[in-house]
Amino acid sequence: MATAKRVAVKTVERAPKAPVKSASSKTVTIPPAVDDELGMRWDAFKSGADADAREKLILHYAPLVKYVASRVATGLPSSVDQHDLVSYGMFGLIDALEKFEPGRGNKFETYAVPRIKGAIIDELRAMDWVPRSIRFKARELEKAQADLEAMLKRQPSEEELADRLGMSRQELHAMVSQISFVSVLALDEVVSSGSDRGDQVALIDTIADKGLDPTWGVESQETRGLLAAAINSLSEREKIVVTLYYFEGLTLAEIGEILGVTESRVCQIHTKAVGGLRGQLTEVD
C-alpha cells in the first residue's frame, strides 16, 4: 500500500503543466506614439502584409529619409547629389519597415534613422573607386594642414607639413601625388576667379579650349560633298556595294547574297569602285 502511494505521488509530480495563455501574448503591430490613422496602417501592414498600407507608410516616413540625407551630405563634396543620397536612403527605410518589431516598445524613427544612414553610407562606399587607404591619407593631410594654419596663422611650408605628419619631403610628395590622382571635380562647379576672387564662374569655363579650328568643319563638309558627288558618279552596282559595305556595315559575303553573285565578284566591284573614287578625289585636289 505504501509503495502504491509513493508511485502515485511520483506520477503526479512528473505530470507536465499546461501552458498558461495570457492576454499579453498577442502580437503587437502598432508602435508607440502614433496617431490612430497611422496605427491602422501599421496594423494592416504588420498583421496582413498589406501592400497599400506599406506604400502609405513609405510615403509617410519619406521626410525622415530627406532629413538623414541632408545630415550626411554636409560632410560630402558638393559633387555628390543629395537626391542620390535620398534614393539610397529609401532602401534603408524599406528595410527598416520590414524588420521593425513594434512589440519591443521603440519608436520607429529611433529604429529607422541609423538604418537609413547605414544604407546611404554603404552605397557610397560601394560606388567609391578610391581605396580607403587613400581616403584616409587625404583626411590626415587636410587635418595636418588645418592644424598648422590655425597654429602658425599662415600657410605651412612643405617641411612643416612633413614634420607634422612624421615623414620626409619625398614621402609627402608621393602622398600628395597619390591623392591628386583620385581627385574628382564637377565641371559645373562654381569657382572664384578674377583679381579679387570675387567673380564666380563654372569650372568648365576656366578650361582652355583646345578644339579644332573652325575652318576644319568647313573643309570637312566640303570633303563630304565631294565624296557624295563621286559616289553618285559610280555605276548602280558599285554604289550599292559601297553603301552596303561602308554605311550599313555588311560583309562582302552578305553583299554577294543580296546581289546574287559570289564574294570574289563583290570584291572586284568594291576594288573598282574604290579606285574610281580615289581617282576622282585626287583630280579635285
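The values are calculated or read from the model by the stated rules, or taken from the named source; none is laboratory data. All of these numbers come straight from a predicted model, not from anything done at the bench. Glycine gets a Cβ as well: all are built from the backbone with ideal geometry, and neighbour counts include every protein chain shown.
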Inset, instruction - State all residues of the range 84-116 that are farther than 15 Å from LYS46 by Cα, crowded, with 19+ Cβ neighbours inside 10 Å and not hydrophobic (A, V, I, L, M, F, W, C); if no residue qualifies, say none. - result: TYR88, GLY89, GLY92, ARG115
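Condition check ((1) modelled with pLDDT under 85; (2) under 30 Å from PRO77 (Cα atoms); (3) surrounded by 13 or more Cβ atoms within 10 Å (Cβ to Cβ)) across all residues:
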site: VAL182; (1), (2), (3): yes, yes, yes
site: ILE204; (1), (2), (3): yes, yes, no
site: ASP209; (1), (2), (3): yes, yes, no
site: PRO214; (1), (2), (3): yes, no, no
site: GLU219; (1), (2), (3): yes, no, no
site: GLU222; (1), (2), (3): yes, no, no
site: ALA229; (1), (2), (3): yes, no, no
site: SER233; (1), (2), (3): yes, no, no
site: VAL242; (1), (2), (3): no, no, yes
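Mind counting the residues in the range 57-80 that are within 17 Å of the chain's Cα centre (by Cα) and either at pLDDT below 85 or more than 28 Å from ILE30 (Cα to Cα) (or both)? Can you show your working first?
Pass one, the range 57-80, residues within 17 Å of the chain's Cα centre (by Cα): 69, 72-73, 76-80.
Now narrow it down to the ones that are either at pLDDT below 85 or more than 28 Å from ILE30 (Cα to Cα) (or both): 72-73, 76-80.
Matching residues across the range 57-80 total 7.
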